[in-house]
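Trainee: I'd like to ask you about the structure that follows.
Derivation of every value follows stated rules applied to the coordinates shown; laboratory data play no part. The structure presented is a predicted model; accordingly, all values stated were derived computationally and were not measured. When we count neighbours, we look across all protein chains shown, and the Cβ atoms used for this are built from the backbone with ideal geometry, even at glycine.
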Amino acid sequence: MTNKLTLLASVVAASTAFMATSASAADSTLDKVTKQGYLTCGVSTGLPGFSNPNSKGEWEGIDVEYCQALAAAVLGDKTKVKYVPLTAKERFTALQSGEIDVLSRNTTWTLHRDTALGLNFVGVNYYDGQGFMVKKDLGLKSAKELDGASVCVQSGTTTELNLADYFRNNGMSYKPVVFDTAAQTSKGFDAGRCDVLTTDQSGLYALRLNLEDPKSAQVLPEIISKEPLGPVVRQGDDQWFNIAKWTLNAMINAEEYGITSKNADEMLKSDDPNIKRILGVDGPKGKGLGIRDDWGYQVIKQVGNYGESFERTVGTGSPLEISRGVNALWNAGGFMYAPPIR
Ligand SMILES: N[C@@H](CCC(=O)N[C@@H](CS)C(=O)NCC(=O)O)C(=O)O
């Protein structure tokens, strides 16, 4: 009986996955978005700096700005975005089923997600790594001192998996205290449900802001994983995948060539062939992507280049005050490198 049930469950799961793939191959996301006049962007339920509603209920953050850039590229209007808040557990199903057109929600690029889940990672908009936060009064200096600790962690994340690996590799035990949202996880930590909270390091800085007394918590020095975060689309729609990829590439290239939201109009008159191509004055323009010729100009004029977006949302111009670090451009000591627009 159990075997039959398991078999049935896997047949249902396999056919659902098949239906999701074949449906998306048939309908072009670009057509759908153009007809609707807006795109649907999956975000988190609230994580400062990445995707978070402000006091007016407007979504803000580096992942939100990516969706605005995609809307500017495709529709010429960065405001044409419908945001769908998703927990970590809900996010991939929402994308597979077509409920959202793009997932832009501090999501780590992994082999499993990029293949078995039927998804395509667009690129990396934030290089992160997992860390630990503890109450200062515990007097800890290193994560290696955490043997036997209770750990607040969010379900459906790479965080949960890395946590298990790290403690096992270091011969330590721990007690997981699992929550479904970032708000619940940080509240659990605040209320003393656990000794330590673990998530992507950027998330630690974000969640620390929401603690009753942010100064009572400290981030430990260890980074235990690689968490390349980026937007995700469905497999089976190469055109949409390309548009999503080149929107991010345009933002990174614009920073490299000094094009900003403020000087974009002036830059239209530049003699530099690189700048001309990024802004669609010259070069392949929108032809290969199947969108407007001025898509790059719209992205940069309306949203800005990668550096502007970073500073405003998670960087020194934001409450998180994260330095560029490895997220600096390749020619400034970081990893951010976009293929050329030509
Ligand atoms: N990058 C990791 C973790 C992503 C994640 O969901 N982190 C939590 C903790 S910071 C979060 O963003 N929560 C926001 C929410 O629940 O909506 C992953 O892709 O699995």
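Trainee: Taking amide H positions as placed in the peptide plane 1.01 Å from N, state which residues far from TRP59 in sequence (5 or more) or on other chains have amide H under 5 Å from it.
Mentor: ASN54
Trainee: Right, another one. Can you tell me which of LEU30, LEU138, LEU289 moves the most in a GNM of the chain? Springs connect C-alpha atoms under 10 Å apart.
Mentor: Among LEU30, LEU138, LEU289, the largest GNM mean-square fluctuation belongs to LEU138.
Trainee: Could you please state, rounded to a whole Å, how far the C-alpha centre of segment 181-257 is from the C-alpha centre of segment 264-342?
Mentor: Cα centroid to Cα centroid, the span is 21 Å.
Trainee: Per 0.36 nm of contour for each residue apart, how much would the distance between LYS35 and ASN331 grow if the chain were fully extended, relative to their Cα-Cα spacing?
Mentor: 102.5 nm
Trainee: Here is a follow-up. If R0 is 22 Å, what FRET efficiency do you get for HIS112 and ASP213 from their C-beta distance, rounded to 0.05?
Mentor: Calculated transfer efficiency: 0.05.
Trainee: Report, in deg cm²/dmol and to the nearest 500, the calculated mean residue ellipticity at 222 nm for the chain, where each DSSP H run with n ≥ 4 adds -39500 (n - 2.57) and the sum is divided by the residue count.
Mentor: Mean residue ellipticity, 222 nm, calculated: -11500 deg cm²/dmol.
Trainee: For THR40, list long-range residues whose amide hydrogen, built 1.01 Å from N in the peptide plane, is under 5 Å from its own amide hydrogen.
Mentor: Placed amide hydrogens put LYS82, ASP101, VAL102 under 5 Å from THR40.
Trainee: Moving on to the next point. What does the extension gain come out to for ASP137 and ASP265, with contour length at 0.36 nm per residue minus their alpha carbon separation?
Mentor: 40.8 nm
Trainee: OK, next. Equivalent ellipsoid semi-axes for segment 129-226, as square roots of 5 times the alpha carbon gyration tensor eigenvalues: give them largest first, rounded to whole Å.
Mentor: Equivalent-ellipsoid dimensions as semi-axes: 18, 15, 12 Å.
Trainee: Using the per-residue mean of other Cβ atoms lying within 10 Å as a proxy for protection, in what order, highest first, do the peptides 241-254, 221-234, 59-72, 175-188 fall?
Mentor: Taking the mean over residues of other Cβ atoms within 10 Å, the ranking is 59-72, 241-254, 221-234, 175-188.
Trainee: Right, here's the next one. For every other residue with a beta carbon closer than 15 angstrom to the beta carbon of GLY280, add +1 if it is Lys or Arg and -1 if Asp or Glu, then tell me the sum.
Mentor: Cβ neighbours under 15 Å give a net charge of +3.
Trainee: Can you list the residues, at least 5 places off or on another chain, whose amide H is less than 5 Å from the amide H of ALA217, using H built in the peptide plane?
Mentor: LYS136
Trainee: Each residue of segment 89-104 in order: what ³J(HN,Hα) in whole Hz does its phi give by Karplus 6.51 cos²θ - 1.76 cosθ + 1.60, θ = phi - 60°, with x for Gly and Pro?
Mentor: 5, 7, 4, 6, 4, 4, 6, 4, 7, x, 5, 10, 8, 8, 9, 10
Trainee: A further question follows. Multiply the residue gap between ASP293 and ASN54 by 0.36 nm, knock off their C-alpha separation, and tell me the result in nm, one decimal place.
Mentor: 82.7 nm
Trainee: Residue by residue through segment 33-39, what is 3J(HN,Hα) from phi via Karplus (6.51 cos²θ - 1.76 cosθ + 1.60, θ = phi - 60°)? Round to whole Hz and write x for glycine and proline.
Mentor: 5, 5, 4, 5, x, 7, 10
Trainee: Turning to a different aspect of this structure: Provide the three semi-axes, in whole Å and in decreasing order, of the ellipsoid equivalent to the chain as defined by the square roots of 5 times the Cα gyration tensor eigenvalues.
Mentor: After scaling each eigenvalue by five and taking roots: 35, 27, 17 Å.
Trainee: Another one. Please list 3J(HN,Hα) in residue order for segment 235-242, calculated via the Karplus relation 6.51 cos²θ - 1.76 cosθ + 1.60 where θ = phi - 60°; whole Hz, with x for glycine and proline.
Mentor: 6, x, 9, 4, 5, 5, 4, 4
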